[in-house]
Number of protein chains: 2
Amino acid sequence: MTSDFLYHLAVNIPDTKNPTDIKNQFGHIKVVCLGGKDARMRELAKYIHENVYNGKSGSKYEKDIFEDGHRYAGFIVGSVLCVSHGVGSSTMSVVLHELIKLVRYAKCVDPLFIRIGTSGGLGVKPGTVVVSRKGYNGLLCSEYEIAILGERVSRPAYFDERLRKDLLDAATSPDGGEENAFSVIEGNTMGTDCFYEGQGRLDGASCMKANGEPYTKADKLNFLKRCHDECGIRNIEMEAPMFAALTLHCGIRAADVCVTLLNRLEGDQVNSTKAQLKDFEERPFRLVARFIKRHILSST
Amino acid sequence: MTSDFLYHLAVNIPDTKNPTDIKNQFGHIKVVCLGGKDARMRELAKYIHENVYNGKSGSKYEKDIFEDGHRYAGFIVGSVLCVSHGVGSSTMSVVLHELIKLVRYAKCVDPLFIRIGTSGGLGVKPGTVVVSRKGYNGLLCSEYEIAILGERVSRPAYFDERLRKDLLDAATSPDGGEENAFSVIEGNTMGTDCFYEGQGRLDGASCMKANGEPYTKADKLNFLKRCHDECGIRNIEMEAPMFAALTLHCGIRAADVCVTLLNRLEGDQVNSTKAQLKDFEERPFRLVARFIKRHILSST
């Protein structure tokens, strides 16, 4: 194509052979942070401005650069681009395709894609941050299934090992600092297309097994225990297999860093207070900000 | 459950046996309109206020009632609730589960769920409005596949016949009025989880067949012709099978009303002008507003 239009981001590339504007605007990006909500990504940009750049990023980090598309929000702060992706794989795959094209047009050097999210935990204390090894789908396979030209295609769904180790490294410090105030662990992450039945919840509009009968609390717990014991799944969200698979397929190093808001072995509803949730939601910010300082900015 | 919290809508139901507040706020709702973007749903509420209620809905239709959840936007105008659902099935299934619970708690009488969206057309002129008969997934089956407790479950994915006929009826008038200025047709609708590879687009970050080779323009056209000829598919979006299947499963009458922005047999990118797109996007508004006046409000 001689020209391109990243439709959902409303980004126009009039000359794909010389995408000068795109290079100028995005060529310096080293980390693309992704998260569900517009508001959280706005907060993350502010957090990085204050905590990574000590208030001196020099960026207009409050401006939503994808505003014209009316679907996703994007904020540039220093070498970091923070973008919202909505709830689940389908919406995230759209923005991911367009962001991968964007970093290619901009000729970004080894850009890292890090999803920062919330999740349900499995056998871990609420507030624990999980850095994902592999994504698992709802059939308990570590792959992402997609229908292409009418055929079922399965792609492997694991995350970049070096990036994961660097993130885990950023969770610890020799002198034990504030970063040890919460637990950061490695684990596998199940991503489902349905928040309710797909995650065995009993509080959805429907809770029905394959045989057409309602499932029970015991069915749910059996399933969640299988996830935990057989697959090493420590948290559940709605994006991991697609995110791992598409980035791996496109040669992008990626990581999924999610805090757990509840322990699904104990219930389906989030019962933490607003103040606790705010603290929990900020934990992945703290880890990723520390990672950026230690592993990205110190090496430039 | 004695209490419930519709997490993504931030709606609290302290006493599920006597959800008085919910009944007061939502019990009168007859139509739930759903669409991808917050901004479009805000516009739709305004459009209904002006064109269905002649500016006299008496509703605070500009207030986003789901604002505290930071994920979806909702606006009440008269007997209509307009709610955004984001891009694709995963995000829409979350809000759909919670809205179905909401109308049940509120004891709404036969509430209709109507999705108003944009889509790619197949062999139809851009600007055509398609009212869907059946949803098809990317494997060209009229069903929605979901993983429940680790097992694959397939549910049928057709829309309510009477509601579809009433919508088509609203497209015509005996004296031929403004409603005939654009074409409204019946057709099947493919909904895919991926906007790019899932729809055979050549302009995504990856375009690869099941055998690992890149697909060509000829492969794409073969696939799209199969969709058109074998399945009667007239438009493609990202929600239809899940939306049809979950509403059908839960006993909710539903319809999918999407305008086509391009003819996919001729290309992958949207080339219409901003003014054309604005006109196109308003067409489902016009049809649904006419339907509400003729079939909902006139019968009360």
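The values are calculated or read from the model by the stated rules, or taken from the named source; none is laboratory data. Remember, predicted model here, so these are calculated numbers, not experimental data. Cβ coordinates were reconstructed from backbone atoms using ideal geometry, including for glycine residues, and neighbour counts include every protein chain displayed.
For this structure, a couple of remarks:
- Hits in region B:191-209 - residues which are out of contact with any helix residue (DSSP H, G or I) (no Cβ under 8 Å at 6 or more places or on another chain) and either more than 7 Å from every other protein chain (Cβ to nearest Cβ) or at positive phi (or both): B:GLN199
- Pick from region B:210-227, criterion more than 7 Å from chain A (Cβ to nearest Cβ) and surrounded by 20 or more Cβ atoms within 10 Å (Cβ to Cβ), ranking: farthest from the chain's Cα centre (by Cα): B:LEU224
Yes/no per residue for (1) surrounded by 17 or more Cβ atoms within 10 Å (Cβ to Cβ); (2) under 12 Å from B:ILE233 (Cα atoms); (3) not assigned by the TED database to the domain that holds B:ALA245:
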{"site": "B:ARG133", "(1), (2), (3)": "yes, yes, no"}
{"site": "B:TYR136", "(1), (2), (3)": "yes, yes, no"}
{"site": "B:ILE148", "(1), (2), (3)": "yes, no, no"}
{"site": "B:ALA171", "(1), (2), (3)": "yes, no, no"}
{"site": "B:ALA181", "(1), (2), (3)": "no, no, no"}
{"site": "B:GLU186", "(1), (2), (3)": "no, yes, no"}
{"site": "B:THR189", "(1), (2), (3)": "yes, yes, no"}
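- Among the residues here, B:ASP256 qualifies as more than 8 Å from chain A (Cβ to nearest Cβ) and at negative phi.
- Of the residues screened, B:GLY187 is not one that is small (Gly, Ala, Ser), at pLDDT 95 or above and within 11 Å of A:ILE148 (Cα to Cα).
- Restricting A:VAL95, A:VAL31 to those that are of a type in the set (Val, Ile, Thr) and facing chain B (nearest Cβ under 9 Å) reduces the list to A:VAL95.
- Total residues in region B:99-129 satisfying the condition of being within 10 Å of chain A (Cβ to nearest Cβ) and either touching a helix residue (DSSP H, G or I) at 6+ places or on another chain (Cβ under 9 Å) or in a loop (DSSP other than H, G, I, E, B) (or both): the figure is 3.
- When residues of region A:250-281 are limited to those that are among the small types (Gly, Ala, Ser) and in contact (Cβ under 8 Å) with a residue 60 or more places away in the chain, the one farthest from A:ALA218 (Cα to Cα): A:ALA254
- B:ARG162 part of a helix (DSSP H, G or I), out of contact with any Lys or Arg (no Cβ under 6 Å at 6 or more places or on another chain) and surrounded by fewer than 21 Cβ atoms within 10 Å (Cβ to Cβ): yes
- Residues of region B:269-280 satisfying the condition of being within 15 Å of A:TYR7 (Cα to Cα) and of a type outside the set (Lys, Arg): B:GLN269, B:VAL270, B:ASN271, B:SER272, B:THR273, B:LEU277
- Residues of region B:147-162 that turn out to be in contact with a helix residue (DSSP H, G or I) (Cβ under 9 Å, 6 or more places away or on another chain) and touching a residue at least 24 places away in the same chain (Cβ under 8 Å), as a count: 6
- Residue match in region B:263-282 (condition: modelled with pLDDT under 95 and of a type in the set (Lys, Arg)): yes
- The set of residues in region B:228-249 that are more than 8 Å from every other protein chain (Cβ to nearest Cβ), touching a strand residue (DSSP E or B) at 6+ places or on another chain (Cβ under 9 Å) and either free of Cβ contacts under 8 Å to residues at least 12 places away in the same chain or of a type outside the set (A, V, I, L, M) (or both) comprises B:HIS228, B:CYS231, B:GLY232, B:ARG234, B:ASN235, B:GLU237, B:GLU239, B:PRO241, B:PHE243, B:THR247.
- Within region A:178-229, the set of residues being acidic (Asp, Glu) and touching a Cys at 6+ places or on another chain (Cβ under 8 Å) comprises A:GLU197 only.
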